[in-house]
Amino acid sequence: MTAHTRAALDALPAYTPGRTVPGAIKLASNEMSFPALPSVVAAIAEAAAGINRYPDIGSAALVAVLADTFNVEPEQLAVGCGSVALCEQLIQATCTAQDEVIFAWRSFEAYPILAQVVGAGAVKVPLSGGNLETAEALDLPALAAAITDRTRLIFICNPNNPTGTALRESDLIAFLDQVPTDVLVVIDEAYREFVDDPSIPDGIELARGRQNVAVLRTLSKAYGLAGLRVGYAVAAPEIAAAIRKVSVPFSVNSIAQAAAIASLAAAPELLDRCRQVIAERARVRNALLDMGFRVPPSQANFVWLPLRDRAAAFAAHCEESKVIVRPFNDAVNGGVRVTIGSAAENDVFLSAAASFTL
Ligand SMILES: *Cc1c(COP(=O)(O)O)cnc(C)c1O
């Protein structure tokens, strides 16, 4: 007989990563296509010499830089092994089996998996319909209406992965004002650095003075450190402390801490890369619209094609041209997420898309 494992795990879907196919262009995981900066590689090499020692468990040097950057107290910060780990820690810190997590669907595919791992209930609220400018966005009135006595946590992914849509400041403030103060709202801003619409709020500013709002950011996307796993949360001191309590000790390694500090020091250079991605995003979206695709406006480093149950066919078609995209095959809310790569990579993708029969 095999030893007992939790029954909840039998129904647990595996996280599906974007595929890496040798020789193909990968536009499947929202990574930056730029290589690591020499200054960051140098910091990594220097940290490598000290790997016989455990890392600083509290990432104090990195926390000091973040506190300074965002003008918050160090006590308001928690650093994690990618912000996906912080998502899990936030659920662990707030939910037991009787409690519920609310999030839009479709949104970040880790949310339902992490809720199930912790053993909390997951409440999925459909995205909004409507015209091209309003569809595929978080439906804030519906999210507010889903709150019950069991709700402990609400994930607001802004901009939303995988649809790229973003919430405006006035709408988000009106929503936050409706949430009971004992329910934590987590604004997941993994793509904040790609926002160029001034009506989209900075979550860290929104969270000031709100005890029940936490903000998640990551070094994986704009800062190009996906392989090293560093993310951070900004929250009220009590919430940040709770996140730190449930973390696996030493989960942010010393090389990752050093690379994150070096990357934040290189912010002007790295944010300039984001501006290049933003320009390419507009070019790619316009080309797709000209081809007849529906493409909601995106504020992230990817675009979303709501192709529903033709998502898999489109992804297979792109793969014939050696471009790997990320399909979510579902007749109701499926589509294809395509990361914005270099101009040359995007051109290969666009020529593949042009020969797909809509
Ligand atoms: C990529 C992503 C994250 C976290 O990425 P990490 O690599 O774990 O920091 C979190 N939320 C969303 C919505 C993402 O797309």
How many residues does the stretch 246-266 hold that are under 21 Å from the mean Cα position of the chain (by Cα), farther than 23 Å from Glu205 by Cα and in a helix (DSSP H, G or I)? 3
Test: residue in the stretch 215-229 that is surrounded by 16 or more Cβ atoms within 10 Å (Cβ to Cβ) and more than 29 Å from Ser254 (Cα to Cα): no
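Would you mind finding the one in Ala115, Ala110, Ala122, Ala166 that is within 17 Å of the chain's Cα centre (by Cα), farther than 25 Å from Ala241 by Cβ and within 16 Å of the ligand (Cβ to nearest atom)?
On the way: Ala115 fails: farther than 25 Å from Ala241 by Cβ; Ala110 fails: farther than 25 Å from Ala241 by Cβ; Ala122 fails: within 17 Å of the chain's Cα centre (by Cα).
Result of the check over Ala115, Ala110, Ala122, Ala166: Ala166.
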Among the residues that make up the stretch 274-283, is at least one of them surrounded by 16 or more Cβ atoms within 10 Å (Cβ to Cβ), in contact with a helix residue (DSSP H, G or I) (Cβ under 6 Å, 6 or more places away or on another chain), in contact (Cβ under 8 Å) with a residue 24 or more places away in the chain and among the charged types (D, E, K, R)? yes
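Since every read-out is calculated from the coordinates, none of them should be taken as a lab result. Since this is a predicted model, take the numbers as computed values, not measurements. Using ideal geometry, Cβ is built from the backbone for each residue, glycine included, and neighbour counts are taken over all protein chains shown.
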